[in-house]
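Report on the structure given below.
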Amino acid sequence: MTHPTADLSAGMAPELTMEQFRHIAAMLRDRTGIVLADGAQKFVVARLAKRLRRLGHRGFDVYLSLVTSPAGAGEFDLMIDALTTNTTRFFREPGHFDFLASRVLPRLIRKAREGGRVRFWSAACSSGEEPYSLAATILEAFPDAALYDVRILATDINREMLCRAEAGLYDIQAGRDLTPALRAALFDPSEDEGQAAIRPELRALITFRYMNFMEPWPVTGPFDVIFCRNAAIYMDTATQQKLWADFERVLDAEGTLFIGHSERIGSSLSHRLELVAPTAYRRPMTRIAPTSLAV
Ligand SMILES: C[S@@+](CC[C@H](N)C(=O)[O-])C[C@H]1O[C@@H](n2cnc3c(N)ncnc32)[C@H](O)[C@@H]1O
C-alpha cells in the first residue's frame, strides 16, 4: 500500500491526499487567483515533486508544515512559482502583432515624435517572449524609438521566469517556426552554443518587474497598449472580470487591450471596452450628438 509519506528517494511520486490538495489549491488561489479544478492532484504532484525531492522531504505533510511556517516563506514562493503555467512563445497569436503594427503603432509613432509619452505593458510576460515580440514589432515600425519616450513594462508573478526573461537567452529551437525576417528582428546574428541572444536594442526598451495582479497595483498608467494574454484563463469568472476592469482603469483613453484568444471580456464591461479585432479591445468612441445651431 502506498503511504502519503512514500519515500521519494525510491523514485516514487509522493502521494497527495484530497485534504492536502485542497489546502494547496486554496493557498494558490489566495495568492494568485489561479483556480485548480478538483482532479488536478496529478498536476500538483508533478509540479511539486521536484521541490520535495530537492528538500529531501518524503511527503506532502512535512512540505505543507514548512510552507505554512514563517521559516518557509521563501519555499512558499517557490511552491507558487512551480504551480504557475508559463507556456509562451515568440509572436504567439500573431494577428495581435499585425494589428499592432498596422492599426495601433502609426498613431503612437506620431505621438512619440510630437513629444508624447508612449507606454506598452506586457502583463504576465512569463519568460519574455511576448515583450521581446512587442519590442521587435515596435522597432521594425519605429527604428529610432529609443530616441523618444517609448518604454515597455513587462511583469510577472514568477521570479524565475522574470530572471530568464531578463537574461534574454533562448534555445535556438525557440525561434524555429519563425520566418527568417522575424528571427533577424529578435536575435543577435551570433549564436553561442545553441543559444540565441535577444538584440540589445530590444532589451533596452524593456523594464522587467515582479507584479502580482492580486496585490495592490504599483502601476497607474496610462498605458497605450496592454497585453494580458493567457493568464486570466486560469482564474474564475469573477476574478477575470475584476482584472479586465483594473486594466481598463489604467488604459489610455485611446489605448488598446489585447487578451488571449481563449479569453473574453464579459458583458459587464461592454459599455467601456469594445472589440476592435479578435480579442483586442478599445474604449467605445464617444459619440457626441450634433447640437442644433441657433441662427
Ligand atoms: C501562460 S503564461 C502567458 C504568457 C504570455 N502572456 C503569453 O500569452 O504567451 C501565464 C503567466 O501568467 C503569470 N501569472 C499567473 N498568475 C499571475 C498573477 N496573479 N499575477 C501576475 N502574473 C501571473 C504566470 O506566472 C505565467 O507566466
_If the only charges are +1 at each Lys and Arg Cβ and -1 at each Asp and Glu Cβ, what is the size of the charge dipole of region 104-170 around the Cα centre, to the nearest 20 debye?_
340
*Order of 88, 68, 256 from fewest to most other C-beta atoms within 10 Å?*
68, 88, 256
_If the reach is capped at under 18 angstrom between alpha carbons, list the lysines near residue 242, excluding any in the same chain fewer than eight residues apart._
none
*Counting Lys and Arg as +1 and Asp and Glu as -1, each charge on the Cβ, what is the dipole of region 174-295 about the Cα centre in debye, to the nearest 20?*
460
*List the trypsin sites (Lys or Arg not before Pro) within region 164-218 that fall in a DSSP loop (any state other than H, G, I, E or B) and whose Cβ has at most 16 other Cβ atoms within 10 Å.*
176
*What's the exposure ranking of 192, 61, going from fewest to most Cβ atoms within 10 Å?*
192, 61
*Rounded to the nearest 5, what % of the DSSP beta bridges within the chain are antiparallel ones?*
40
*Return the calculated 222 nm mean residue ellipticity for the chain, to the nearest 500 deg cm²/dmol, obtained by summing -39500 (n - 2.57) across DSSP H runs with n ≥ 4 and dividing by the residue count.*
-11000 deg cm²/dmol
*Is the shape of the chain best called rounded, prolate or oblate, per the rule: a/c under 1.5 gives rounded, else a/b larger than b/c gives prolate, else oblate, with a ≥ b ≥ c the square roots of the Cα gyration tensor eigenvalues?*
oblate
*Which FRET efficiency, nearest 0.05, do residue 160 and residue 245 yield, Cβ-Cβ r, R0 22 Å?*
0.15
_Need the full-extension length gain, residue 149 to residue 190, defined as separation in residues times 0.36 nm minus the C-alpha distance. One decimal, nm._
11.8 nm
*Given labels modelled 7 Å from the Cα in the Cβ direction, how far is it in nm from residue 40 to residue 22?*
1.7
*Using θ = phi - 60° and the Karplus curve 6.51 cos²θ - 1.76 cosθ + 1.60, what whole-Hz ³J(HN,Hα) does each residue of region 206-217 get, with Gly and Pro shown as x?*
10, 10, 9, 9, 6, 7, 10, 4, 7, 9, x, 6
_Sparse-neighbourhood loop sites, GluC sites (Glu not before Pro) in region 157-217 - DSSP loop, at most 10 other Cβ within 10 angstrom_ = 193
_Need the full-extension length gain, residue 261 to residue 87, defined as separation in residues times 0.36 nm minus the C-alpha distance. One decimal, nm._
61.2 nm
*Which lysines does residue 50 reach when only Cα atoms under 27 Å apart count, and residues fewer than 8 places away in its own chain are ignored?*
42
*Between residue 113 and residue 15, what length comes free when the chain is fully extended (0.36 nm per residue of separation minus the Cα-Cα distance, one decimal in nm)?*
29.3 nm
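Going by how many other beta carbons lie within 10 Å of each one, how would you line up 281, 210, fewest first?
210, 281
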*Would you kindly derive the ³J(HN,Hα) couplings of region 250-259 from the backbone phi angles with the Karplus curve 6.51 cos²θ - 1.76 cosθ + 1.60 (θ = phi - 60°), listing them in order in whole Hz, with x for Gly and Pro?*
9, 8, 4, 3, 10, x, 10, 10, 10, 10
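All of the numbers you see were taken from the coordinates with simple rules; none came from a lab. These numbers were taken from a predicted model, which means no experiment stands behind them. Cβ coordinates were reconstructed from backbone atoms using ideal geometry, including for glycine residues, and neighbour counts include every protein chain displayed.
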